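Everything on this sheet refers to the single structure shown next.
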Amino acid sequence: MQELVSDRRALSADPVKFLIVDDHALVRYGLSLALRQRYEGAVIFEAGSLAEAMRKARSETDLTAILYDLQMSDSDERSGLADMLEAAGDVPLIVVSGATDGAVIASCIRAGARGFVNKGCEGVVLDQALPIVMEGGIFAPAPPAARDGRPVRIAMALSTPIRTESDAVNGLTDRQREVLRLLLEGQSNKEIARALGVLEGTIKVHLRTVMQRLGVRNRTQLALATMRAGIKLQS
């Protein structure tokens, strides 16, 4: 028990900020309590509609993660998630939904969600999902069992990189493309951070995400992959 408490304190060494998006106030309340128990001093923002969530995602700086209900009353699932992901930018988003269909889970990850947590799961699943997503990974549940007892296969490999380098570069956010452009100009992380007015640690996060998307491990491989993609990064 003491070890668990220590782990949680270690995770909350830096201030964390979460945005909870759900049109049910009681669900937001429950998630807020769960997050505060796991991350001491966490700052929690709430939104009861997609429109409100998008405003807060764009106005609140340094969000750590977004917990997003897939079935918001003011949008449909697919377009609503796409709009929320666009507003979120580089902030990792975890879908929190009652859906158990493997195809739904896979489509959320393909769209850009960094995690999927079922509302009926045990609290330990959230303990597992949050650190993975916050460190740049992807969390998705094991395929659920079908009604006839056979497993439902998710028709994708969640850990497989995007198929082509061109697709990968085109799929970057505006900020990621700007970081990549400055890197290709030979600027260091510190210089990029100064140019964009952010912390150097933020640049490292951006670069790690870009490298993961392109399936490379260092700056040299990243530069080569971008050139092979034939993409112009000028803003």
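The values are calculated or read from the model by the stated rules, or taken from the named source; none is laboratory data. Worth saying up front: this structure is predicted, and the values here are computed from it rather than measured. Note: ideal-geometry Cβ built from the backbone for every residue, glycine included; neighbour counts use all protein chains shown.
Descriptive notes on the structure:
- Filtering region 51-93 to residues that are over 20 Å from GLY123 (Cα atoms), under 17 Å from the mean Cα position of the chain (by Cα) and among the hydrophobic types (A, V, I, L, M, F, W, C) leaves ALA53, MET54, ALA57, LEU63, LEU81, ALA82, MET84, LEU85, ALA87, ALA88, VAL91.
- Filter result for ILE109 (within 23 Å of GLY215 (Cβ to Cβ), not in a loop (DSSP other than H, G, I, E, B) and not polar (S, T, N, Q)): yes
- Filtered residues of region 73-83 (kept if surrounded by fewer than 13 Cβ atoms within 10 Å (Cβ to Cβ) and in contact with a Leu (Cβ under 9 Å, 6 or more places away or on another chain)): SER73, ASP74
- Restricting attention to region 194-225, the residues that are part of a loop (DSSP other than H, G, I, E, B) and either in the same structural domain as THR64 (by TED's automatic domain parsing) or surrounded by 13 or more Cβ atoms within 10 Å (Cβ to Cβ) (or both) total 3.
A quick yes/no check of all residues on (1) surrounded by fewer than 20 Cβ atoms within 10 Å (Cβ to Cβ); (2) assigned to a helix (DSSP H, G or I):
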{"site": "LEU26", "(1), (2)": "yes, yes"}
{"site": "TYR29", "(1), (2)": "yes, yes"}
{"site": "GLY41", "(1), (2)": "yes, no"}
{"site": "LEU85", "(1), (2)": "no, yes"}
{"site": "THR100", "(1), (2)": "yes, no"}
{"site": "VAL104", "(1), (2)": "yes, yes"}
